[in-house]
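Q: Can you keep this structure in mind? I'll have questions shortly.
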Amino acid sequence: MSWLGILLIGFAVTDLAHAVRRVRFFPECVGALVALLVGVLSGLTSDRDVLALFVIVAVVLVWGLSVTWGFGRDGRAWLPLTVFVVALSVAVACSGLAPAAGGPLGSWLDSVTLPALGDVSVDRFLLVLGAFGIQLSTGNVLVRLILKSTGTIHPRADGGMPPTKLKGGRLLGPLERVFILALALGGQVTAASVVVAAKGLLRFPELSSRRDQERIHQLTEYFLLGSFVSWLVALGSYVLLA
């Protein structure tokens, strides 16, 4: 489980670094360095662990490079999606081989007096940290890759309509996913479903407008596909943690 948590942390940090500073090779290098540092602080220093950490570092580097290429003018979105799915599947399959983490991070967790962290294992802490980190920028990246791979574009960004820069969704999406995951982990699955329903109700007037039906159909497709992928990221993370 420790390897899986470190991999998710590497993905999350890479995408957060890309969102903060778009410099070539910078995001993936930061993500790989953080993943390696977290592994060392978790006491994963045996020969097998060191090999696993180097594999994780390589995967994080490939993820960052593939995302940059996938969003490029001549890029294909299927490549980073394939890297993410394959890496996550292999990490889950090999999670039973990973030893229990400890090290300085384990000592710090033992010294924490907060009820939420006092009794949690290092493996669990890494997995929770990685799962919540994925909800931030990585969730947005996955949504955009799916939209691009399916050719689903926002109608307002189409060449035939006035372009607009809608950046609110880049903040609302992560907040929504974090909220859903936190509620689900707290045993409030019904409350999480209310969040999903509320989003649909808030967009219903726009999606049900009778004016400009072609644009409305495009907007509905964009909204539904993006929302379902976003929710799937949160629910998939909950499955890993559950």
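Please treat every number below as a calculation from the coordinates, not as lab data. Since the model is a prediction, treat every value here as computed from it, not as a measurement. A quick note on method: Cβ atoms are made from the backbone with ideal geometry, for glycine too, and the neighbour counts reach across all protein chains shown.
Q: From the P(r) of the stretch 1-63, can you give the percent of Cα pairs sitting at distances over 14 Å? Walk me through the numbers before you get to the answer.
A: Numbers: 934 of 1953 pairs.
Of all Cα-Cα distances in the stretch 1-63, 48 percent exceed 14 Å.
Q: Residue by residue through the stretch 60-67, which ³J(HN,Hα) values in whole Hz follow from phi under the Karplus form 6.51 cos²θ - 1.76 cosθ + 1.60 (θ = phi - 60°), with glycine and proline marked x?
A: Residue by residue, the stretch 60-67 yields 4, 4, 5, 4, x, 5, 5, 5 Hz.
Q: Order of 82-93, 54-65 by packing, highest average Cβ count within 10 Å first?
A: Top of the packing list down: 54-65, 82-93.
Q: What does the C-alpha gyration tensor say about the overall shape of the stretch 1-112? Classify as rounded when a/c is under 1.5, otherwise prolate if a/b is larger than b/c, or oblate.
A: Numbers: a/c = 2.60, a/b = 1.68, b/c = 1.54.
Prolate, since a/c reaches 1.5 and a/b exceeds b/c.
Q: Still on this model: At a 10 angstrom cut-off on C-beta neighbours, averaged per residue, how do the peptides 69-80, 12-23, 129-140 rank from highest to lowest?
A: The peptides rank, most packed first, as 129-140, 12-23, 69-80.
Q: From the backbone phi of the stretch 79-86, what are the Karplus-calculated ³J(HN,Hα) couplings (6.51 cos²θ - 1.76 cosθ + 1.60, θ = phi - 60°) in whole Hz, Gly and Pro given as x?
A: The phi angles translate into 5, x, 4, 5, 4, 5, 5, 5 Hz.
Q: Ok, one more. By how many nm would the segment from V50 to R24 grow when fully extended, if each residue of separation counts as 0.36 nm and the alpha-carbon distance is taken off?
A: Result: 6.7 nm gained on full extension.
Q: Between L97 and D119, take the C-beta separation as r, use R0 = 35 Å, and let me know the FRET efficiency to the nearest 0.05. Mind dumping the intermediate values first?
A: Values: r = 25 Å, r/R0 = 0.71.
Efficiency at R0 = 35 Å is approximately 0.90.
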